[in-house]
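**Student:** Please see the structure below; I have some questions.
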Amino acid sequence: MRYPQEFIEELKNQADIVRIIGDYITLKKKGQNYWACCPFHGEKTPSFSVSAAKGFFKCFGCGKAGTVFQFVMELEGSNFSEAVKTIAEKAGVALPVMTNDNDAKHYEERDKQRDDLRQLNSWATEFFESNLESGEGRIALEYLAKRGISDESRRQFRLGYAPNSWDALSSYLQKRGATKFQIERSGLVSLKDSGSGFYDKFRGRLMFPILDTQGKVVAFGGRILGEGDPKYLNSPETVLYTKGQHLFGLNYSRDAIRRQGFVILVEGYLDFLIPYQHGVRNLVASLGTALTDSQVRLLGRFCRKIIVNFDPDSAGVNATKRSLELLLTEGFKVNVLTLPDNLDPDEFIRERGAESYTKVLRSSQSFMDYIVEQAIKSHDQNSPAGKVETLNEILPYLKLVKDRVEASEQVERIADRLKLDSKLVREEFKRAVETRAERVSEVAVTAQLTVKPAEKRLLAALLNHAGVRQRILRQMAEAEYKQLRTAPIFKLLFELEQQGSEPTYDVLSERIYDAALVNDLLPELLMELAEKSEEAYNREAEESLLSLRSTRLAEQQAVLQTEINQAQREGNAERVNELLLLKFELAKQERALTNQLRP
């Protein structure tokens, strides 16, 4: 009994030797390789080395060496089939059905198909390249020049052109010696509806060869240069190519990814080519499709940190969110980069250069900050229902944070951004994890979105006395009320004051769209039973405003403390000192306000 050879080759490509050997011994990176004390003989000084880029291990003490298969066989005392099973389980690769000798011919035939298709893809690449500089291919050259692709880059990446012909490529392949049967199975042609004969799949398109990690052409992507759909067309699945198992450019960038310790994930061919051409080498493209489990595992062979830099349009945002779920599930540390002015990587680098791109990379957001920001943009933060939906959008990603300390800090940051009680958010998160709920409790959240006593007292004074209103509004800034539950009322009061209009119930109820505020709070504030003098209202307004300012300063200090904790974990002493100074200044301001509030 044995496993198919094609599966063995695929497993060898997908299994990360560093991760698998790291399950048995502690590896430490030194230079480009990983080192440890050899598990096969006793030693105090590490002489056992693993080359991630080349996929093998070597002990310079006892001399043992080999691939990941030999390591597992030697350490566990297993045979080859048992080692294959162990490695497949660790790599998350499904095992095929074991075959016996009677089935060997089937797999030998598939191996031959793979060899044949590699040859056809090689010929097709040469054909497309040669056509790029033909008369018809000038349109592709002009397009590449317009998009900033240099001649050196187009040659390095073997870009080409598929002529607008029904049989130019297939005729060329037959002249090179390919049979019609081989061509039919190549993915380079489409079968005619009649069931007899075929025609070229790629016509009138700029061609991008798609390579595996070993640098072999396994498929093609083609961009239409004239009228027609689809805009981009990829090869169908073949014995060499399975959709969702390859990443464009990885064979070129893998060494740079290992050196720099992280990878930038972009969407399309040009989003890879332009940055790479300008010296940004640690990136890959997802071939314009949603990221898959296989692609994530493939990336895991080279690094565990990733910056997702998809297009900023709605499709790109949705693709980013789907990618985050996969990457976080696989244990990646993930940041998200949204480029200024809604540019994609290709446009940004052509307009502003690679140095500017490298700078903005450093300001990429943590995945949770990105998710929170997108959720806040998508829902009305002035209503309890909007805050509930915001939390529901964040919840699935919060569940993926495995580290308890990090999860706790994220809860604090989320609560601060939404102006919610952090205890409430923590309890709802805990409940959702324990019960596997997909939504927070609307009743629990809404109950916490109450108006602070200081808000109520301040608004009562502003609504019931014009003199107090005029004086206090001149002292207030938008930042002091925009995160309050009653922000819509404050905002409208400023607008009415500028217009010289009175804040009557009719006017307020018509222009505030929060039913709870209109039906419950406004009548209570406008129908105060106690008769108060202007002096009393002034005093209440001043004290309430000071109280709200003090509370806001305390909240800002809590946010700074979270950032200080993060900077301390990262060992960024300069940032810690900077944040401590800011916190000290806020604490001083808070003490001053507290002293003013004391009788």
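The values are calculated or read from the model by the stated rules, or taken from the named source; none is laboratory data. Since the structure is predicted, the reported quantities are computational estimates derived from the model, not experimental observations. Here Cβ is always computed from backbone atoms with ideal geometry, including for glycine, and neighbour counts include all displayed protein chains.
**Student:** If THR320 meets every condition in (1) surrounded by fewer than 19 Cβ atoms within 10 Å (Cβ to Cβ); (2) touching a residue at least 24 places away in the same chain (Cβ under 8 Å); (3) within 12 Å of the chain's Cα centre (by Cα) apart from one, which number is that one?
**Tutor:** Failing condition for THR320: (1).
**Student:** Out of the residues in segment 122-140 that are among the small types (Gly, Ala, Ser) and in a helix (DSSP H, G or I), which is farthest from ALA219 (Cα to Cα)? Let's see the steps before the verdict.
**Tutor:** Within segment 122-140, the first condition is being among the small types (Gly, Ala, Ser), and the residues that meet it are 122, 124, 130, 134-135, 137, 140.
From what is left, the residues that are in a helix (DSSP H, G or I) are 122, 124, 130, 140.
Working: SER122: 10, ALA124: 10, SER130: 18, ALA140: 19 Å.
The qualifying residue farthest from ALA219 (Cα to Cα) is ALA140.
**Student:** Something else: Out of the residues in segment 1-36 that are surrounded by 14 or more Cβ atoms within 10 Å (Cβ to Cβ) and more than 28 Å from GLY244 (Cα to Cα), which is modelled with the lowest pLDDT?
**Tutor:** ILE25
**Student:** A further question on this structure: Output the residue which, of all residues in segment 37-50 that are farther than 15 Å from VAL68 by Cβ and among the hydroxyl-bearing types (Ser, Thr, Tyr), is surrounded by the most Cβ atoms within 10 Å (Cβ to Cβ).
**Tutor:** Across segment 37-50, the extreme among qualifying residues is SER47.
**Student:** Still on this structure, I have one more. Take the conditions touching a residue at least 24 places away in the same chain (Cβ under 8 Å), surrounded by 21 or more Cβ atoms within 10 Å (Cβ to Cβ) and outside any helix (DSSP H, G or I) and apply them to VAL401. Does it pass?
**Tutor:** Details: touching a residue at least 24 places away in the same chain (Cβ under 8 Å): yes; surrounded by 21 or more Cβ atoms within 10 Å (Cβ to Cβ): no; outside any helix (DSSP H, G or I): yes.
The answer is no for VAL401.
This table checks each residue for (1) surrounded by fewer than 22 Cβ atoms within 10 Å (Cβ to Cβ); (2) under 11 Å from the mean Cα position of the chain (by Cα); (3) within 30 Å of VAL50 (Cα to Cα).
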site	(1), (2), (3)
GLN260	yes, no, yes
ILE264	no, yes, yes
PRO275	no, no, no
ALA285	no, no, yes
ASN309	no, yes, no
PRO312	yes, no, no
GLY316	yes, yes, no
GLU330	yes, no, yes
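**Student:** Within segment 405-417, restricting attention to residues that are closer than 14 Å to ARG569 by Cα and free of Cβ contacts under 8 Å to residues at least 40 places away in the same chain, which residue is surrounded by the most Cβ atoms within 10 Å (Cβ to Cβ)?
**Tutor:** It comes out as GLU406.
One line per residue, one yes/no per condition, for (1) surrounded by 17 or more Cβ atoms within 10 Å (Cβ to Cβ); (2) under 27 Å from LEU459 (Cα atoms):
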residue	(1), (2)
LEU545	yes, yes
ALA554	no, yes
ALA567	yes, no
GLU574	no, no
LEU582	no, no
GLU585	no, no
GLN589	no, yes
THR594	no, yes
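**Student:** Output the number of residues of segment 420-449 satisfying the condition of being modelled with pLDDT under 75, outside any helix (DSSP H, G or I) and buried (at least 17 other Cβ atoms within 10 Å of the Cβ).
**Tutor:** 1
**Student:** If you don't mind, there's one more thing I want to ask. Among (1) farther than 17 Å from ARG223 by Cβ; (2) surrounded by 14 or more Cβ atoms within 10 Å (Cβ to Cβ), where does PRO163 come up short?
**Tutor:** Unmet for PRO163, out of (1) farther than 17 Å from ARG223 by Cβ; (2) surrounded by 14 or more Cβ atoms within 10 Å (Cβ to Cβ): (1).
**Student:** Let me ask something additional. Determine which single condition ALA83 fails, assuming it passes every other condition in (1) surrounded by 15 or more Cβ atoms within 10 Å (Cβ to Cβ); (2) out of contact with any strand residue (DSSP E or B) (no Cβ under 8 Å at 6 or more places or on another chain); (3) assigned to a loop (DSSP other than H, G, I, E, B).
**Tutor:** (3)
**Student:** Next question, about the same structure. If you scan segment 486-512, which residues turn out to be in contact (Cβ under 8 Å) with a residue 40 or more places away in the chain and either closer than 15 Å to ALA461 by Cα or not in a helix (DSSP H, G or I) (or both)?
**Tutor:** PRO503
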